[in-house]
1. Quick check: anything in the stretch 378-393 in a helix (DSSP H, G or I), within 18 Å of the chain's Cα centre (by Cα) and touching a residue at least 24 places away in the same chain (Cβ under 8 Å)?
2. Is it the case that residue 511 is out of contact with any helix residue (DSSP H, G or I) (no Cβ under 8 Å at 6 or more places or on another chain) and modelled with pLDDT of 95 or more?
3. Only one of 129, 88 is in contact (Cβ under 8 Å) with a residue 60 or more places away in the chain and either under 20 Å from the mean Cα position of the chain (by Cα) or within 17 Å of residue 510 (Cβ to Cβ) (or both). Can you tell me which?
4. Any idea which of (1) surrounded by 15 or more Cβ atoms within 10 Å (Cβ to Cβ); (2) touching a helix residue (DSSP H, G or I) at 6+ places or on another chain (Cβ under 7 Å); (3) modelled with pLDDT of 95 or more is the one residue 303 doesn't satisfy?
5. Report yes if residue 281 is outside any loop (DSSP other than H, G, I, E, B) and at pLDDT 95 or above, otherwise no.
6. Residue 297: closer than 25 Å to residue 440 by Cα, modelled with pLDDT of 95 or more, assigned by TED's automatic domain parsing to the domain that holds residue 419 and out of contact with any strand residue (DSSP E or B) (no Cβ under 9 Å at 6 or more places or on another chain), yes or no?
7. If you go through the stretch 54-75 one residue at a time, do you hit one that is over 22 Å from residue 512 (Cβ atoms), without any contact (Cβ under 8 Å) to a residue 24 or more places away in the chain and surrounded by fewer than 22 Cβ atoms within 10 Å (Cβ to Cβ)?
8. Which of the residues that make up the stretch 468-490 are outside any helix (DSSP H, G or I) and surrounded by fewer than 21 Cβ atoms within 10 Å (Cβ to Cβ)?
């Protein structure tokens, strides 16, 4: 009944969309998120909603331009790399200050990285840094050469190190603010970015104010209000009635209507994303490869993409985005074959199937339509004798629960940030990244796979790296540590008064490019 009412309300709103009005002040942009941010300390963030808000406040040494994942200067104006690939020296921009007035300099860079990786650092114990091992475990030292020069020394070469420095965890924070606020820094972050943190009303809104002295360009929006609205229909209704200016995660059922609505602009773009059904590889019966393969044959991925996502996703063959330099075009996705699935279960000793639990977030960054997708998966698995109980959770609680290692099956997604396969294959599936020390929540381990990824890091020859990653992807398809489902075609919709907004392949939400009519 609840869903029916939502559809009815939307139908009325769509018919009456000529009544669209801006309900907020002229200089205020109101953004509807699919879930509330969890944490605004970039070094502690594990979800996209936190990242999308927090990265307006902080910045990185290197970054991406507005429409690609080509690495360009950010807070560093230039850099040099030693011939042996072990030293990266960055020349920092002059005259930049943090929002609290403290100077941006090499000491701030050293502080921002070392607080995550040096266990005896006075601020290391003030938070959890889940990606520190993956991003910076290879960093031997961060040295201040002079106030505007900082040098990273690596333990061994890493071909993806510049890509690592575009990540949220590599953001430079104000040491003064961290020292002052301590454990409360995530609630009131301070950086050099286009917006300053203003307030956070839990469950209601996060407010950012423009940084009038932003070093890069004038910021044209006075403030941004981010509102978490979990229910798709509610989020869309508020856009259509003018209470929101911009939404992400457009409900697939309404994409066509929005494309034809003269009051709304709909944007679509393929990005470096993967949605997967995670499997606890260390837990019976899932420690048997045949069971994991059976689940892959049992799930009708085509139906999910066609009927649930309505074309806002593309079928997945593995973790790497198709048509990128590290993808293996020869890989074949698991076909929908329930009979083959039943046969594999019988071979593994489960001719009558078994019962299990699937953890699902109610919403969340990059999660598309998690409950609807998981309901299809539940039905598919029941058809081969696997009885699945769905257990839904709020996004923040869900992420915390996944650190317990108690999961059987779980629905999750990952935004790699860029197209380098290291940024998805290593954190999600290398054995050194088992949760809670990293995001390998499937607890997958394969020594040959690990070695291929290690070798791919040691060479800067992209052709050789691509060969190594293709070999590793073939191992994954056979091992089936996940059920590979789809890659999201990201969508956003905004009112016509929003000017200059573009989707980014990294799934970052760059509202600093926006002006309001």
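The values are calculated or read from the model by the stated rules, or taken from the named source; none is laboratory data. Note that the structure is predicted; figures quoted are calculated from it, not measured. Every residue, glycine as well, gets a Cβ built from its backbone with ideal geometry; the counts of neighbours run over all protein chains shown.
1. No, the stretch 378-393 contains no residue that is in a helix (DSSP H, G or I), within 18 Å of the chain's Cα centre (by Cα) and touching a residue at least 24 places away in the same chain (Cβ under 8 Å).
2. When the stated conditions are applied, residue 511 passes them.
3. Being in contact (Cβ under 8 Å) with a residue 60 or more places away in the chain and either under 20 Å from the mean Cα position of the chain (by Cα) or within 17 Å of residue 510 (Cβ to Cβ) (or both) holds for just one of 129, 88, which is 129.
4. (1)
5. no
6. Considered against the rule, which asks whether it is closer than 25 Å to residue 440 by Cα, modelled with pLDDT of 95 or more, assigned by TED's automatic domain parsing to the domain that holds residue 419 and out of contact with any strand residue (DSSP E or B) (no Cβ under 9 Å at 6 or more places or on another chain), residue 297 comes out as yes.
7. No.
8. Listed by number, the list holds a single entry, 489.
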